[in-house]
1. Tell me, how many Å apart are the Cα centres for the range 44-79 and for the range 306-353?
2. Over the range 208-309, give the accessible area per residue in Å² for a 1.4 Å probe, as an integer.
3. Please name which of Trp383, Ala98, Ala237 has its Cα lying farthest along the dipole of the chain towards the positive end, using unit charges on Cβ (Lys, Arg +1; Asp, Glu -1) and the Cα centre as origin.
4. If I stretch the segment between Ala47 and Arg333 completely, what's the gain in nm (0.36 nm per residue apart, minus their alpha carbon distance), one decimal?
5. Can you compute the charge dipole magnitude of the range 66-130 about its Cα centre, using +1 on each Lys and Arg Cβ and -1 on each Asp and Glu Cβ, nothing else charged? Give it in debye, rounded to the nearest 20.
6. Applying a 10 Å radius around every beta-carbon, put 373-379, 286-292 in order of their mean neighbour count, most first.
7. Could you compute the FRET efficiency for Gln156 and Ala347, with r as their C-beta to C-beta distance and R0 at 51 Å, rounded to 0.05?
8. Starting from the Cα-Cα distance between Arg170 and Ala33, subtract it from 0.36 nm times their residue separation and give me the gain in nm to one decimal.
Amino acid sequence: MTPSLAAPDAPTLDPADEALAWAERGLAHEDGARWAEAAACYEAALARAPGRFAIVLNLAGVLAQLQRFDEAESRYRAAIALQPGSAAAWSNLGALLAGLHRDAEAVACCLHALQLDPGYANARFNLGLPLLRQGRWAEGLLCLEARASLAVMAQQLPLPRWAGEALAGRSLLLVSDAGHGDLIQTARYARLLRQRGAGRLLLVVPPGLQRLLARLPDVDAVSTLEQPLPPDCDLWAPTQSLPHLCRTRVDAVPAGLPYLAPEPARVAHWRAWLAAHCAPGARRIGLVWRGDPRHQNDAHRSLPGLAALAPLAGIAGVQWISLQRGAGEDEPRRPGNALPVLPLPAALRDFDDTAALVAGLDLVIGVDTATVHLAGALDRPTWVLLPQHLTDGRWLQGRSDTPWYPGVMRLFRQPRLGDWAGAVRALDGALREALVNPAAAPWAPRSAAA
């Protein structure tokens, strides 16, 4: 149970202005992601001016950030009672319910918001998540085209945007518009675009992916977001729109694996490093337990820390190797870890080096972040721990496999909201079984038909 917060000291203002002052203070705290302070201010504002629609709506959003989901739902419904014609209130309630896997209700809320305001882009975008999870990709991928970033990109690029028409030899500039994992997932479309008649293909990516993606056989040049745009392009497309533009469906995913390849010399280097640091005969398993803290769902998709994987320490015959960058990277070096993990090598420079290291591993275990997409794209055995809250639509629902990485990736879902222990228990059992049943192990050779 979340403890109640004492109301902050009241500002010295005319009583008629106090509610507005509290609300403005709440907005300031929201801007700084100080969610508990924002909630206290909004509650103080409503104590002075009950029934203020905008304050109720803001408080609902802050309560959702604080994971006080029942209270957030109650406040969203209160806002709707105050203004039943508000598309924003219906859309926000739909987004909350989608995050809680109440997908039928979420779809109904978002559709109602669009009935109220057919041009409300947020409602259309929020509708995308539950539709994608239900496998309704034709509708869901179209909904994602309502994301706000597309209009900004269109203003910055002096080219016509490709709308899926025949390419007929024209050059196409693909610009990254999402996270590293999303870009790795959509890199497969270079091959498909070439088959559909693209002339030159040029890719604009974050610096950490440039070396790896420069070896895509169907791409002519790769530059970074910091460099000038390549000249002489006919059209552009955001990478995150490629599944929609190429009409991807659950039963028709371009999933030829591998579609990425590490540099052979770096593979040899990291194989030698692994041989020097791992016990002979041990299964080499890479671990990633946290994502980028800036991700909107990172509080749910990331493990609290390496300690959440401590139950795996009882498994014999395994060498654990950290692939964790950024937040949590230093945890394997801390004394007292129940799970002994080789720290991330300092010489690991970018995703190209990570790919070369992953090529020498038997298995990668991670949360939903870029490294698991990288391992899947390399056709390496990969086990993914998925959160119950805001599970990405690409993973569908109720499945332990994925059409994006067939035969190579296995999904372990939280059985209940926040229950990482349950997901880790299931993974622990599967790994123990793999070690005593080599034929069924994820690293066992696959037949050509598999």
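1. 40
2. Values: 4900 Å² over 102 residues.
Accessible area per residue, the range 208-309: 48 Å².
3. Trp383
4. Working: separation 286, 0.36 × 286 = 102.96 nm, distance 4.89 nm.
Extra length from Ala47 to Arg333 when fully extended: 98.1 nm.
5. On the way: 5 positive and 6 negative charges, 16 e Å.
The dipole magnitude comes to about 80 debye.
6. Numbers: 373-379: 26.1, 286-292: 24.4.
In descending order of packing, they fall as 373-379, 286-292.
7. It comes out at approximately 0.90.
8. Values: separation 137, 0.36 × 137 = 49.32 nm, distance 4.49 nm.
44.8 nm is the gain from fully extending Arg170 to Ala33.
The values are calculated or read from the model by the stated rules, or taken from the named source; none is laboratory data. Just so you know, these numbers come straight off a predicted model, no measurement behind them. Don't worry about glycine lacking a Cβ; one is built from the backbone with ideal geometry, like all the others, and counts go over all protein chains shown. Each accessible area value is taken on the protein alone, full model and side chains, heavy atoms only, with ligands, DNA and RNA left out. Shrake-Rupley method; radii C 1.70, N 1.55, O 1.52, S 1.80 Å.
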